[in-house]
Amino acid sequence: MNNKVQFEIKKNNFYINGKQEPLLCGEIQYFRMPKESWARALDRLAECGCNAVAYYVPWFVHEYEEGKFDFTGKIHPDNDLHTWIQLTMERGLLGFLRPGPYVYAETRDLGIPRWFSEKYPDARVKRYKDGRYEDTDFANSVARNHPQFLGAVEKWYREVCREIRDYQAPGGNIVLFQLCNEIPGDDHDDENPVNLGLGNPEGMWPKFLKDTYQTLKALNSRYHGNFTCWEQIRPHELREADGEAYRQDHLSYYYGTYFPGYFRRLRDMAEENGIHVQMVHNAYNPRAVSLHYQNKIQNPWLLIGTDCYYSMSGRLGMKEATYYCEYGPEYTRRFLHNIPWVVEQECGYWNDFPLVYGPELYIWNIWTMACGYQGMSMYLFGGGINRPGMGFYGTEHNWQAPVDAWGNPGMTYDYVKKSLEDILENKKIFLGELCYDIGFGIRHAPGLIWRPVAKACSEAYFVLKSAGFTPRMYDYEAMTAEELREIPVLWIVTDEYMEERVQGNLAAYVRQGGKLVVNGRVPHGTSEGKTCTLLAEALGIRVEQAAFSEAFQRRLVLEGREYFIGTNVQSVKIFGVPGQEGVEAQGQVTGGSEEPGLAASGEFCRVGEPGAVQTLAVTEEGEPAALLAECGEGRCLVLPFGMEMSFWGLAEAVRRLLETLQVQPGIRGARMLRVIPKADGHVIVMNLHPVKIKEEITIFMEGGEKKIVPEMEPHSFRIW
């Protein structure tokens, strides 16, 4: 690479040397590959169509003893980082450097040197149990904010940054620098007193409690306790006093204080040692984007991407593709406000079973880049061999990769190469904005992924996509009433908790003419534990507090048809004016079949303000399961159960229920094929399946109606 490299991120796109380009990257781990194979492997990467190469720089490999480093191959030839980087530059590849300190990468100690965990056992992640602090399951897992760990990381960063800083763009090719990997690790439950700063008024945990509650009286009121000193309050004491209150505080602490502070420390270490390129991190799957909401607010300079591995589910199916390739980029863009990209895109799998097939990898890459991601780094592009004691699973580390440890192409290589060729040929269309037809709002609570509502969100998104909609995500809790009014129809997924301000905004949204869908749970209280049913009252209903849970053979009955939902339904009762006596109705359904559980649509229960409430569907026991409420000038569809789509019929039921709001999907007729409408008028149609599919599809866009009858070959796409 003789010319200076210009790499920019602007307007949610990557720009390379002044031109908008997809970032097409592949991970090759030099330390697991014979040095004589490096050039061949990099040649295969460049020939495949990649413009970048990613690679871990493992701490435990290069600092082989405390204070002793090898970056030139004096201890092991495959440690020669300088030769490796020079080879990447010669091939014109951008560099994505990943120095940990945690790298994971199926290494035995997750990238942490064995000498550290043995010498500093007090830095391990600990949990209070039976009167003492015990190490967690990973015996060598260390807490990221422990002073001894941070001191060792500071020395590691000083050494590795000194070795690579002259290779940074624009003079070199390194354009991305990753701070650690896949936060959170085990320490999202760490109770190590030293790590938390117990006994220190400025310790992270005492300071968090004081900032949160302001006074000990307020904390004691919340926990029904008698605590007298901030710095002596131990997490397990709060957990024992009130488990639910502690769960809320625990999540707020780790995702609003602990991890954001850790990233700032790593950034400071890197910058102090001359690193000035874009710093990045990865959420370990699309729902884990939620774990970085507070982090990104505090650290807006951090570029966060996602990891996408469909083999985690055992196979590539419509739900997996929708979740990873469509839900992921939309979530990243709208909630983190940065460019959507995949830090680890499955290009093989760490086990030999399930097998990863070339045609699947082809359509997987196409689907990823067609649906909103602006770049991806294929993991693992080059296979490897673990040195003795290095591998979590032993010596093998082939990952079913397109290129083996000796730089030879494997059976999936040509399919991956063809996918990149097709992406580059159609990059302008692929990278373009989507054309949306419904608003989709989800929560932003700290640690959301650990709550059932997180899965309910991705499931509801899949149901809407299956029904023919293209949802545009909104962070509805952060929006004002005025901002909400700009959305014609908004589907929100929530649990039983919602702040009073948000409930008021949503009620105002409906009163002023909005079309709202409340899915999951109608909120019963706030996250602080206060009862709040403002939204329910505005809609003319009463609800019982109910957590999400599975329910065997649970069904929704709509106009005589039964639809399997498989989850419990929140108890909802209809009433009229709040406070009036004798106006409550039980949501009973009239009309239709006389057979039990097969009742049809209910009649309106007109009892004055706030409006009329109609039962549209019931459970098999006859309890309300879908209601339509009039409120002011608007309407609200209430679906008080989590979506769990096991049968396509649920998408049909949702489409029919949305018709009561006069809301129609922009795509009709596509059941097996996925249609991606673009804002410029193009339509991408994809067949994920291993068989030929033909469907008659109608697409409604701003430009008018478009009818197509695609006959799609297995694992293929076409553009109209």
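Here the contact order of the stretch 112-164, divided by its residue count and restricted to Cα pairs under 8 Å and six or more residues apart, works out to 28 percent. Using R0 = 22 Å, the C-beta based FRET efficiency linking His82 and Glu272 works out to 0.50. Placing dummy labels 7 Å off each Cα toward the beta-carbon, the span from Lys427 to Arg114 is 4.5 nm.
Summarising the label geometry, the points placed 7 Å from Cα in the beta-carbon direction at Thr215 and Arg234 lie 2.8 nm from one another.
Over all distinct Cα-Cα pairs of the stretch 384-528, the Kirkwood formula returns a hydrodynamic radius of 19.2 Å.
To the nearest Å, what is the center-to-center distance of the stretch 490-567 and the stretch 343-381, using C-alpha atoms only? Going from one Cα centre to the other spans 37 Å. Taking every C-alpha pair closer than 8 Å and separated by at least 6 residues, the mean separation divided by the residue count of the chain gives a relative contact order of 10 percent.
Surface analysis of the chain yields an accessible area of 38 Å² per residue, using protein heavy atoms and a 1.4 Å probe. The distance from the alpha carbon centre of the stretch 652-720 to that of the stretch 101-129 is 49 Å, rounded to a whole number. When peptides 450-458, 484-492 are sorted by average Cβ neighbour count within 10 Å, with the highest value leading, the order is 450-458, 484-492.
Residues in the stretch 192-200 carry Karplus couplings, in order, of 4, x, 5, 4, 7, x, 5, x, 10 Hz; the curve used is 6.51 cos²θ - 1.76 cosθ + 1.60 with θ = phi - 60°, and Gly or Pro positions show x.
Available extension along the chain between Lys4 and Lys207 is 68.5 nm, counting 0.36 nm per residue and deducting the alpha carbon span. When the C-alpha to C-alpha distance is required to be over 23 Å, the pairs from Lys19/Lys427; Lys465/Lys706; Lys418/Lys692; Lys19/Lys296; Lys530/Lys573; Lys515/Lys573 that qualify are Lys19/Lys296. For Lys74, a cut-off of 18 angstrom between C-alpha atoms picks up these lysines, skipping any fewer than 8 places away in its own chain: Lys35.
Mean separation of Cα pairs under 8 Å and 6 or more residues apart, divided by the residue count, gives the stretch 78-152 a relative contact order of 19 percent. So how far, in whole Å, is the C-alpha centre of the stretch 259-283 from the one of the stretch 169-220? Rounded to whole Å, the Cα centres lie 14 Å apart.
Can you show me the helix-derived [θ] at 222 nm for the chain, built from DSSP H runs with n ≥ 4 at -39,500 (n - 2.57) apiece and divided by the number of residues, rounded to the nearest 500.
Rounded to the nearest 500, it is -7500 deg cm²/dmol.
Over every Cα atom in the chain, the radius of gyration and the widest Cα-Cα span, Dmax, amount to 27.1, 87 Å. Put simply, when 363-371, 123-131, 37-45 are sorted by average Cβ atoms within 10 angstrom per residue, most first, you get 363-371, 37-45, 123-131. Let me make sure I get this right: for the stretch 195-332, a, b and c are the square roots of the gyration tensor eigenvalues over alpha carbons, sorted descending. Under 1.5 in a/c it's rounded, otherwise prolate if a/b > b/c, else oblate. Which is it? Oblate. Once both labels are positioned 7 Å from their Cα atoms along Cα-to-Cβ, the gap between Phe564 and Lys707 label points is 3.5 nm. With r defined as the distance between the Cβ atoms of Asp43 and His224 and R0 fixed at 60 Å, what FRET efficiency is calculated, to the nearest 0.05? The pair Asp43/His224 has a calculated efficiency of 0.35. Under the shape rule built on the C-alpha gyration tensor, where the axes satisfy a ≥ b ≥ c, the stretch 353-457 is oblate, since a/c reaches at least 1.5 while a/b does not exceed b/c.
The values are calculated or read from the model by the stated rules, or taken from the named source; none is laboratory data. Just so you know, these numbers come straight off a predicted model, no measurement behind them. With ideal geometry, Cβ positions are generated from the backbone for all residues, glycine too; neighbour counts draw on all protein chains shown. Quick note on the areas: whole protein, heavy atoms, side chains included, nothing else; ligands and nucleic acids left out. Shrake-Rupley method; radii C 1.70, N 1.55, O 1.52, S 1.80 Å.
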